[in-house]
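The values are calculated or read from the model by the stated rules, or taken from the named source; none is laboratory data. Every value quoted in this text rests on a predicted model; they were computed, and no experiment measured them. Cβ sites come from the backbone with ideal geometry, for glycine too, and all protein chains shown count toward neighbours. Just so you know, the surface numbers come from the protein's heavy atoms only, side chains and all, with ligands and any DNA or RNA stripped out. Shrake-Rupley method; radii C 1.70, N 1.55, O 1.52, S 1.80 Å.
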Amino acid sequence: MKIMQSDLENQISIIIPTYNESINIVKILESISQSIPKNIFAEAIVVDDNSPDGTGKIVEDYLKNMKQAANYTIKIIHRKAKNGLASAILNGVQKAKCNTIVVMDSDFSHPPQIIPKLIETLNKFHCDIAIASRYVNGGTINGWSIKRKLLSKIATKIAKKSLGVDSKDPMSGFFAFKKNLLTGLNFDAIGYKILLEILVKTKGVKVEEIPYTFEDRKFGSSKLDLFTITDFCKSVLKLYRYGKSIENKENSSSVKFISKAGRFYTVGASGFGVNYLFSLLFAGGITEMWYLHANIIGIFASITSNFILNKYWTFGDRDFTTKKTLIQYGKFSLFSAAGALVQLGVVFSLVDGNNWSYPVSLGVGVLTAAFGNFIFNKKWTFKEKLWN
Ligand code: GDD
Ligand code: MN
């Protein structure tokens, strides 16, 4: 399921999924209306799954008779059948006109008075997701059995540990976020836990949590059943695989190692150009210098340019504090000199000891020395793990 972008800022769309909520729905719509500050425009979107108890019809009738407020509108989406909470919420998001989205239950478990606090949190901390949380300081649950509390705790632990999400209550059904956050993302929308999927698929965005008290419903019954639990397991497994595939794409060790070695070799080749140019320039191009002195300048120029390019480009090190840079430069120069000796040794032993031709031996010598240099500089100059 894909989400399109919408542009109205500073106005909120509140998504309220319902299945058999005939006793609660009108009351919750009115309670929400009273909780919206006058300076905020809110659109409530009820997403009903053809509830057998007539919830959809009740909302339609209510819409016909209610007095329209200036800053509060209500609309309803009728879906054909009970297709799950997560997908109901996403369908609501797709139809939302505003960029700030609030998601909440219709059974008064999520107190509407928290809505302004969620919006305030989004704005004040410039965050992308604000979660009303049962598990931060000050948050709690009223009315759940020990068994359900335990189940919730365990599910939360599993999700946090296996998916690495950075929230104390990633299974909350009460949260706010910016709609454009979801633009272009693809959702499985299995089962109940859409927030968990959002957190996994937008990893790295700024998340804030505020405490609230979850009140178990007084009317109607929970739709959570055995299917919800198996759906939860399916969904966590899918998200786990998703996380792994992203990780593999991002930092496959071998790809990283090879691409860095490639950069190192490229820099080395450019160093050859710098060396050649400077050696010629100083031996007649700009000043008359003894050619060996000019060559020394060429060598130092190429070591310096190699160092800077490798530091910045190959190893992505942006810390140019004087002391650190000088130490690195010293090590780099030392390894370069050692590399030259290695190269001489390899060429000598291949030509003299093994009767290889000079051009081939030279090629092998240069590549060996450069590879050695790469390894040593990676590990000791720029302090990276060899393979990570
Ligand atoms: N449209 C639609 N389709 N709505 C649904 C469906 C569905 O298949 N299933 C449930 N809902 C609606 C309910 O009518 C209610 O408004 C809301 O979604 C939550 O359903 P409940 O059945 O009341 O859920 P709960 O109280 O057991 O679970 C609550 O706690 C969880 C945290 O443990 C919810 O807040 C969850 O969102 C939350 O993750
Ligand atoms: Mn409930």
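Considering only R134, R148, R79, the Gaussian network model of the chain with Cα springs below 10 Å gives its largest mean-square fluctuation to R148. Modelled spin-label separation between K64 and N83, with each label point placed 7 Å from Cα along the Cα-to-Cβ direction: 2.6 nm. Of the candidates I36, I146, I74, which one comes out as most mobile in a Gaussian network treatment of the chain with C-alpha springs shorter than 10 Å? Checking each option, the largest mean-square fluctuation is seen for I146. Fully extending the segment from L277 to L150 would add 38.5 nm, taking 0.36 nm per residue of separation and subtracting the current Cα-Cα distance. Look at the alpha carbon pairs under 8 Å that are at least 6 residues apart: their mean separation over the length of segment 8-224 gives a relative contact order of 27 percent.
Taking every protein chain into account, the 1.4 Å probe leaves H293 with about 100 Å² of accessible area, to the nearest ten.
Residues whose amide H falls under 5 Å from that of F41, counting only those 5 or more places apart or on a different chain, are I12, with hydrogens built in the peptide plane. Check cross-link reach from K38 to the aspartates and glutamates: straight Cα distance under 20 Å, and skip same-chain residues fewer than eight apart. By straight Cα distance, K38 reaches E9, E30, E120.
Screening the chain for DSSP H helices whose Cα atoms reach 24 Å or more along their own axis and whose mean Kyte hydropathy is at least -1.0 gives 146-163, 226-251, 253-280, 291-309, 322-348, 358-376. From helices alone, the chain scores -16500 deg cm²/dmol at 222 nm; the rule is -39500 (n - 2.57) for each run of n ≥ 4 DSSP H residues, then divide by the residue total.
Using only side-chain charges placed at the Cβ, +1 for Lys and Arg and -1 for Asp and Glu, the dipole size of the chain relative to its Cα centre rounds to 660 debye.
Magnitude of the charge dipole for segment 252-381, about its Cα centre and with charges confined to Cβ atoms of Lys, Arg (+1) and Asp, Glu (-1), is about 660 debye.
Taking all protein chains together and rolling a 1.4 Å probe, W290 ends up with roughly 140 Å² accessible.
Using alpha-carbon pairs under 8 Å, 6+ residues apart, how would you state the relative contact order of the chain in percent?
Values: 589 pairs, mean separation 57.8, N = 388.
Relative contact order, the chain: 15 percent.
At an R0 of 56 angstrom, the distance between the Cβ atoms of S33 and K383 translates into a FRET efficiency of 0.40. When +1 charges are put on Lys and Arg Cβ atoms and -1 charges on Asp and Glu Cβ atoms, the dipole computed for segment 25-129 relative to its Cα centre reaches about 260 debye.
With the chain treated as a Gaussian network of Cα nodes joined by springs under 10 Å, which of I25, I89, I375 yields the largest mean-square fluctuation? Highest fluctuation among the options: I375. Of the chymotrypsin sites (Phe, Trp or Tyr not before Pro) found in segment 54-139, the ones in coil according to DSSP and having at most 16 other Cβ atoms within 10 Å of their Cβ are F125.
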